[in-house]
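Notes to accompany the following structure.
The values are calculated or read from the model by the stated rules, or taken from the named source; none is laboratory data. The shown structure was predicted, so the numbers you read here are calculated from the model rather than taken from an experiment. Every residue, glycine as well, gets a Cβ built from its backbone with ideal geometry; the counts of neighbours run over all protein chains shown.
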Amino acid sequence: MDKALTDFITEYRDYITLFTGIVLAVGAVKNWNWLCNPVGKPDAHLLSRGMYRLIFGALGLILIFCGAMMIFG
C-alpha cells in the first residue's frame, strides 16, 4: 500500500499541487470555516480571519502557478 501511494504521488505530483492550490484559493475566496477560522489555534491572537484568508489565498495562487508550470512548462 505504501509503495502504491508513493508511486501515485510521484506520478501525479503536478496535478496534486494544482488541485491543492485550487482548493486553497477557492477556500480563501469563499471564506470556508474549516480553512479560515483562527479560533482554537495557538497563534489565534496573532492573525485574524482576514489575514488567514490572505495567506491561504496567496499560497493557493503560488501552488496553482507551480502546478501549471510543472504540467505545461
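Considering only residues that are β-branched (V, I, T) and touching a helix residue (DSSP H, G or I) at 6+ places or on another chain (Cβ under 6 Å), look in region 3-21 and name the one that is nearest to C66 (Cα to Cα). So that I can check it myself, show each step before the final result.
Start the filter on region 3-21 by keeping residues that are β-branched (V, I, T), which leaves 6, 9-10, 16-17, 20.
Of the ones still in play, those that are also touching a helix residue (DSSP H, G or I) at 6+ places or on another chain (Cβ under 6 Å) are 17, 20.
Details: T17: 7, T20: 11 Å.
The residue in question is T17.
For region 25-35, indicate whether the set of residues that are at pLDDT 95 or above and over 14 Å from I55 (Cβ atoms) is non-empty.
Among the residues of region 25-35, at least one is at pLDDT 95 or above and over 14 Å from I55 (Cβ atoms), which makes the answer yes.
Hey, can you tell me all the residues within region 14-73 that are acidic (D, E) and outside any helix (DSSP H, G or I)?
Quick first cut of region 14-73, residues acidic (D, E) only: 14, 43.
Residue satisfying the conditions is D43 alone.
Looking for whichever is surrounded by fewer than 14 Cβ atoms within 10 Å (Cβ to Cβ), out of contact with any strand residue (DSSP E or B) (no Cβ under 6 Å at 6 or more places or on another chain) and without any contact (Cβ under 8 Å) to a residue 60 or more places away in the chain here; the options are A28, A58. Which one fits?
On the way: A28 fails: surrounded by fewer than 14 Cβ atoms within 10 Å (Cβ to Cβ).
Of A28, A58, the one residue that is surrounded by fewer than 14 Cβ atoms within 10 Å (Cβ to Cβ), out of contact with any strand residue (DSSP E or B) (no Cβ under 6 Å at 6 or more places or on another chain) and without any contact (Cβ under 8 Å) to a residue 60 or more places away in the chain is A58.
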